[in-house]
Structure formats: structure tokens, C-alpha cells
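These notes concern the structure reproduced below.
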Amino acid sequence: IQLTQSPSFLSASVGDRVTITCRASQGITSSLAWYQQKPGKAPKLLIYAASNLQSGVPSRFSGSGYGTEFTLTISSLQPEDFATYYCQQLNNSPFTFGPGTRVDI
Amino acid sequence: QVQLVESGGGVVQPGGSLRLSCAASGFTFGDFAMHWVRQAPGKGLEWLALIWYDGGIKYYADSVKGRFTISRDNSENTLYLQMNSLRAEDTAVYFCAKERRGYFAEDWGQGTLVTVSS
């Protein structure tokens, strides 16, 4: 299963609403996760099962979608949100990641 | 709290072997599936392998199938990745990760760097 993410890069400002899309080459039900990664750090799970907020993650992050199209939304971008975001499908092995979306100031 | 500590990385020649370890603490290791994921310098994340809680089922990425072997010792709370026939393109930071139900990678180690170079 191939995952594509759009955009691959976006430039935004603090307070902006940001939406990232992840598309799967075939249906994966809701078996999708979103991760945030900052330079030199391990990824951090934000959203699991497409729309469930991981414990401790701010509520400005939300996820939606089912089947082949998914979105990650940050309702009001904060300085600490500038990072790279990856989706990953966990429906079928190999459990592929998307190529990432870099969010810059 | 959950802690995952990878070790065993280093410099190895092409064609060589290396075994990575991931020491787990802060949770009942034998209850959870575990992942290995890597990231080449300046590149994205690449999922490599997953092993069920009891070691009974293993999944691999095509890029490492037949060369890498994932295993675990639940009595020692340790996950392993045996890497054989290493290539330059295997150069990366290797992360282990603990699943939450549904295989989602909930907790991650800090990573260990493997460099394949002559």
C-alpha cells in the first residue's frame, strides 16, 4: 500500500489553521496514524485509528478520514508545531509511512 | 513510564552484520507487539519489521526481508534486530517502538545510528 501526502512542504504562521492530506493507494479502513517529528528526535504519535487523539496531545490536533483519504488538522498553529508530519498505515504489512509534510514558518 | 533504549549501532563494512538491541522498561513487555523503524540521513521514516507480543508472528518490509531478523526475549524485556548482508543504503538511525493496540507505534526509543561504509 502506497501513501502520498500533500503538500510535501507548507509555510505557515502562528495561529494559522493547517490541513495535511494523506491518501492510500487502496482502502485501509481507519488503520492510520499521524506522527510529528522534530529534527534529531524520535517521532511522536499524535493520532491513531484515523481520528483518535493520543493521550497528552493538545486538542488543536485532530484527524479524520476513512478508506483512502485522511486529513490531519492543526486548528491554530503554535510555535512548537513546526515539524515534519508523517502518516502511516497499519492495515496491512508492510506498514508503510507517507513521505512526510514539513511545516515551516 | 515507558522507556525504550536502543543499542548496538556503529560502523560496519558492506556485507557485514550487526545486531541491534532495544531494552524496554516501564511496561509489561510481553504484552505488546514491537516495531523497528529507520530513518536514513535527511530522509523520511521507513518501517522495517514488527513482531507480535509472543514472537509468534513477524512482518518485514521488502527492503530487508531475508537479510534482517526481528526477535524478542520477553524474559529479558529486550527486542532485537539482526542485520546481515548490510549495504550502504542501510545507513540510518534505527528506532524501536512499542505498539498500542492496533499496531500504532505509541512509544519510541531515541534511536541508534548504523553506518555501513568501507
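When you look at B:ALA88, is it surrounded by fewer than 14 Cβ atoms within 10 Å (Cβ to Cβ) and touching a residue at least 40 places away in the same chain (Cβ under 8 Å), yes or no?
Numbers: surrounded by fewer than 14 Cβ atoms within 10 Å (Cβ to Cβ): yes; touching a residue at least 40 places away in the same chain (Cβ under 8 Å): yes.
For B:ALA88, the condition - surrounded by fewer than 14 Cβ atoms within 10 Å (Cβ to Cβ) and touching a residue at least 40 places away in the same chain (Cβ under 8 Å) - is met.
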Condition set under 15 Å from A:SER31 (Cβ atoms) and at the interface with chain A (Cβ under 7 Å from one of its Cβ atoms), scope the range B:97-118, selection farthest from the chain's Cα centre (by Cα): answer is B:GLY102
Pair list, Cβ under 6 Å, 6 or more apart: the range A:45-71 residue closer than 16 Å to B:GLY102 by Cα, other residue in a loop (DSSP other than H, G, I, E, B) and among the hydrophobic types (A, V, I, L, M, F, W, C) | A:LEU46/A:VAL57; A:TYR48/B:PHE104
Return yes or no: is B:GLY55 without any contact (Cβ under 8 Å) to a residue 60 or more places away in the chain and either under 24 Å from A:LEU90 (Cβ atoms) or among the hydrophobic types (A, V, I, L, M, F, W, C) (or both)?
-> yes
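Does B:PHE29 qualify as being of a type outside the set (Gly, Ala, Ser), surrounded by 15 or more Cβ atoms within 10 Å (Cβ to Cβ) and within 11 Å of chain A (Cβ to nearest Cβ)?
no
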Within the range A:48-62, residues being touching a strand residue (DSSP E or B) at 6+ places or on another chain (Cβ under 6 Å) and either within 18 Å of A:ILE1 (Cβ to Cβ) or part of a loop (DSSP other than H, G, I, E, B) (or both) number 6
Could you please give the count of residues in the range B:86-118 that are touching a Pro at 6+ places or on another chain (Cβ under 9 Å) and part of a loop (DSSP other than H, G, I, E, B)?
-> 5
Go through the range A:67-99 residue by residue and tally those that are surrounded by 14 or more Cβ atoms within 10 Å (Cβ to Cβ) and either among the charged types (D, E, K, R) or part of a strand (DSSP E or B) (or both).
-> 13
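Give the residues of the range A:48-72 that are under 11 Å from the mean Cα position of the chain (by Cα) and facing chain B (nearest Cβ under 9 Å), sorted by residue number.
A:TYR48
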Got a sec? Which of B:GLN39, B:GLN1 is within 18 Å of B:GLN110 (Cβ to Cβ) and free of Cβ contacts under 8 Å to residues at least 40 places away in the same chain?
-> B:GLN1
Can we say A:ALA33 is surrounded by 15 or more Cβ atoms within 10 Å (Cβ to Cβ) and part of a strand (DSSP E or B)?
-> yes
With criteria (1) within 17 Å of A:TYR48 (Cα to Cα); (2) small (Gly, Ala, Ser); (3) buried (at least 16 other Cβ atoms within 10 Å of the Cβ), A:SER64 comes up short on (3)
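Read-outs: derived from the displayed coordinates by stated rules, not from any lab. Predicted model only: the values in this text are computed from it and were never measured. All Cβ positions, even for glycine, are placed from backbone atoms using ideal geometry, and neighbour counts span all protein chains on display.
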